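Structure first, commentary second.
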Amino acid sequence: MTAVDSFVIQQAEIRASRLIGSHGFTRDHWDDLRQDLLLDYLERLPQFDGGRGDLRGFMFGVVRHRAAQLVDRLGIGVRGHHRTPARPVRAGRAFADGARRIGSP
């Protein structure tokens, strides 16, 4: 059994908390998110190369990457819908409230 540094656990908890609400996850998902983030870190830990960076940087990258994968998975297919990308506002087009951008005709 591998002991997990309390800092790693704390970072997984912080990342799981950030996913709640803003990406369609609920508080009921928190334990599963935390566990998934920690498990992915532990599975990737043997790939850590100290010559390429420090362990904390590796951990941050792994946890951030897994969180992004979980958000993508939720948005594409898991709930049967696709996220719609935001449309950029083009110069000369009015905003929803009728205001125009500075320099727009």
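Each Lys and Arg Cβ is given +1 and each Asp and Glu Cβ -1; about its Cα centre, segment 23-62 then shows a dipole of about 180 debye. By the count of neighbouring beta-carbon atoms within 10 Å, fewest first, ASP72, ASP49 end up ordered ASP49, ASP72. One equal scatterer on each Cα of segment 6-78, no solvent, Debye formula: the resulting log10 I(q)/I(0) at q = 0.16, 0.18, 0.27 Å⁻¹ is -0.54, -0.67, -1.26. Annotation: extensible slack from GLN69 through LEU55 equals 2.9 nm (criterion: 0.36 nm per residue apart, minus Cα-Cα distance).
Laboratory data are not the source of any read-out in this text; all were calculated from the coordinates shown. Fair warning: this is a prediction, and the values are worked out from it, not measured in the lab. Note that each Cβ is placed from the backbone with ideal geometry, even for glycine, and that neighbours are counted across all protein chains shown.
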